[in-house]
1. On full extension of the chain, what length is gained from Gln53 through Glu6, given 0.36 nm per residue of separation minus the C-alpha to C-alpha distance?
2. Per residue, how much accessible surface does the chain expose to a 1.4 Å probe? Answer in Å², no decimals.
3. For the range 78-84, take each phi angle, set θ = phi - 60°, evaluate the Karplus expression 6.51 cos²θ - 1.76 cosθ + 1.60, and give the result in whole Hz per residue in order, putting x for glycine and proline.
4. For the range 9-76, which whole percent of the accessible surface, found with a 1.4 angstrom probe, sits on carbon and sulfur atoms?
Amino acid sequence: MKTTPEHDERVAKMTFASVFPHYITKVERKGRTMEELFQVIEWLTGFDEGQLQKLITEKVSFETFFEKATLNPNAALITGVICGYRIEEIENPVTRQVRYMDKLVDELANGKKMEKILRVG
């Protein structure tokens with residue numbers, strides 16, 4: 001499925017602060033921890049917990065969030081389908097990066113081992 005310009009714009013304008021509580025709920029409901037969630041997000045973006053809290057307080061959009069991020073060089077190894085979209089086929093960079101994060105959070109919530117989530121070896 002191909003994203004539309006309207007979809008891409010909506011994703012880019014969403015704030016990280018509005019989505020983050022859903023990430024927390026999802027992983028904790030499945031028995032994972034906030035520390036693991038922070039570890040996964042830091043692996044993808046380079047942001048530590050303090051930097052994330054600052055971005056949440058500032059209510060930055062996903063567009064700004066990923067402009068400030070230092071994306072992990074192995075992020076392109078994140079593939080598969082999330083929210084009905086095949087990640088590796090998403091052309092818009094911000095939408096693809098948001099779906100990378102969604103996929104990592106899903107993998108964490110689904111009990112995948114941290115080494116697999118972080119694409120180690």
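The values are calculated or read from the model by the stated rules, or taken from the named source; none is laboratory data. These numbers were taken from a predicted model, which means no experiment stands behind them. SASA here: full protein model, heavy atoms, side chains in, ligands and nucleic acids out. Shrake-Rupley method; radii C 1.70, N 1.55, O 1.52, S 1.80 Å.
1. 14.1 nm
2. Numbers: 6650 Å² over 121 residues.
Computed with neighbouring chains in place, this is 55 Å² per residue.
3. Once θ is set to phi - 60°, the couplings for the range 78-84 become 7, 10, x, 9, 9, 6, x Hz.
4. In the range 9-76, the share of accessible area belonging to carbon and sulfur is 51 percent.
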